Amino acid sequence: MLQALLRSRSPIAIEVMRPWRAAICAAAVAAAAMITAAMPGGALAQGAGREEARQDKAGAAKSPRRELLRTETKKFGNWVLTCEEYSDRPGKPVCSAMLKIVDSRSGRLLFAWILAKQSKTGQIVGLLQTPTGVAIEPGVTFRFSKFERRFSYSSCEPGRCSTVVPLGLALRKEIGRVKKGHISIVSISGQRINFEILPDGFDKAYRAVLAVK
């Protein structure tokens, strides 16, 4: 996907999704589960045997159907909080907040930053998602003022690659203090691509996700 955008003769027009133009993505609601799988301590076993997989499938078949009961959304600056409540956990919604960058001409998603709570620890972590077509080895460079760090990709699947960013107190303060940051990725052709991030509403979105029990 990334290569297709880069082959365009016109420069890629990047825009931060403003609240009134943001489209709610179902992937954001499932982000908590994805982050749990990607983080140490909450990681799912990647090498599970076929017998275990068959047992899981059999157990799922016997379980009652999981139905969506309710969906609520709320905007915090450039972030959209999405909460969904399911029949197997009534009164216990699954919530996450998302900031997106899209190509303003094609509408394609270029970058997503999702805040979600890790189920076992209760900590909020960030999931960064990029299109496929990226060079895996360079990873993602995440920079906010004095904070700069490179993160390796945790996983790639059709349509996107993901990496997890721990949100410690120092980084949260830095994000809340500055008006913009930068994310850098490298395409498979070696071209470095920089995204400007406007994290307006980060503190409120973070607290909203943290408050969900």
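The values are calculated or read from the model by the stated rules, or taken from the named source; none is laboratory data. Quick caveat, the model's predicted, so the values are computed rather than measured. Backbone-built Cβ (ideal geometry, glycine too); neighbour counts: all protein chains shown.
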Notebook entry, point to check: Got a number for residues in the range 52-91 being modelled with pLDDT under 85 and either of a type in the set (S, T, Y) or touching a Cys at 6+ places or on another chain (Cβ under 7 Å) (or both)?
Noted result: 1
Notebook entry, point to check: In the range 95-122, how many are modelled with pLDDT of 90 or more and either of a type outside the set (K, R) or touching a Pro at 6+ places or on another chain (Cβ under 7 Å) (or both)?
Noted result: 12
Item checked: Condition met for S184 (of a type outside the set (V, I, T), surrounded by fewer than 21 Cβ atoms within 10 Å (Cβ to Cβ), part of a strand (DSSP E or B) and touching a residue at least 12 places away in the same chain (Cβ under 8 Å)) -> yes
Next item on the list: State whether the residues of the range 197-207 include one that is surrounded by fewer than 19 Cβ atoms within 10 Å (Cβ to Cβ) and more than 18 Å from A97 (Cβ to Cβ).
Entry: no
Check: What number goes with the only condition from (1) at pLDDT 90 or above; (2) exposed (fewer than 11 other Cβ atoms within 10 Å of the Cβ) that Q46 does not pass?
Finding: (1)
Item checked: Qualifying residue in the range 165-181 (condition: out of contact with any Gly (no Cβ under 8 Å at 6 or more places or on another chain), at pLDDT 90 or above and either among the β-branched types (V, I, T) or within 18 Å of I193 (Cα to Cα) (or both)) -> yes
Next item on the list: Please specify each residue of the range 129-156 satisfying the condition of being of a type in the set (D, E, K, R), in contact (Cβ under 8 Å) with a residue 12 or more places away in the chain and within 22 Å of S189 (Cβ to Cβ).
Entry: R150
Notebook entry, point to check: In the range 173-195, which residue that is within 16 Å of the chain's Cα centre (by Cα) and not small (G, A, S) is farthest from R149 (Cα to Cα)?
Noted result: F195
